[in-house]
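Taking it in order: structure first as structure tokens, then the write-up.
The values are calculated or read from the model by the stated rules, or taken from the named source; none is laboratory data. These numbers were taken from a predicted model, which means no experiment stands behind them. Every residue, glycine among them, receives a Cβ derived from its backbone with ideal geometry; neighbour counts consider all protein chains shown. Just so you know, the surface numbers come from the protein's heavy atoms only, side chains and all, with ligands and any DNA or RNA stripped out. Shrake-Rupley method; radii C 1.70, N 1.55, O 1.52, S 1.80 Å.
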Amino acid sequence: MRNFRELEVWKDARILVKKIYTLANALPDSEKYGLTSQINRCSVSIPVNIAEGSAKYSQKDFVRFLQISLGSSYELETHIILCQDLEFVNLESSSQIIKDIQNLQKKNFFVNKI
């Protein structure tokens, strides 16, 4: 078992969740049960799956949960891009969030290779 609290990728994912919730709160009320809900759920899925995978005894199981986390990060990136396309979010701040997501994806990939 690994201590997920010591993983930088998990720490960064928690910070990202805060940013995402702030962004999602700015979405139109009409998206409360659509994009807002989806964005919040997949952002939370990233650190949660890292933590859950850390509890697995085998490296194979740990990697599987990291891959699930990585998939959620790609889903999240797509949601933010769609929000940009629909002009629901500020392009500058959402572009920075996309960069944060991409950095997290790179870290997740490297943890996956350990």
Within the set of pairs 6+ apart or on separate chains, which have a first residue in region 24-36 that is within 13 Å of Cys83 (Cα to Cα), a second that is not aliphatic (A, V, I, L, M), and C-beta atoms under 6 Å apart? Ala24/Thr36; Ala24/Asn40; Leu27/Thr36; Leu27/Phe88
By residue number, the members of region 1-35 that are over 14 Å from the mean Cα position of the chain (by Cα) and open to solvent by less than 80 Å² (accessible area, probe 1.4 Å) are Arg2, Asn3, Phe4, Leu7, Ala26, Leu27, Pro28, Glu31, Gly34, Leu35
State the number of residues belonging to region 34-58 that are closer than 17 Å to Glu6 by Cα, part of a helix (DSSP H, G or I) and of a type outside the set (Asp, Glu). 8
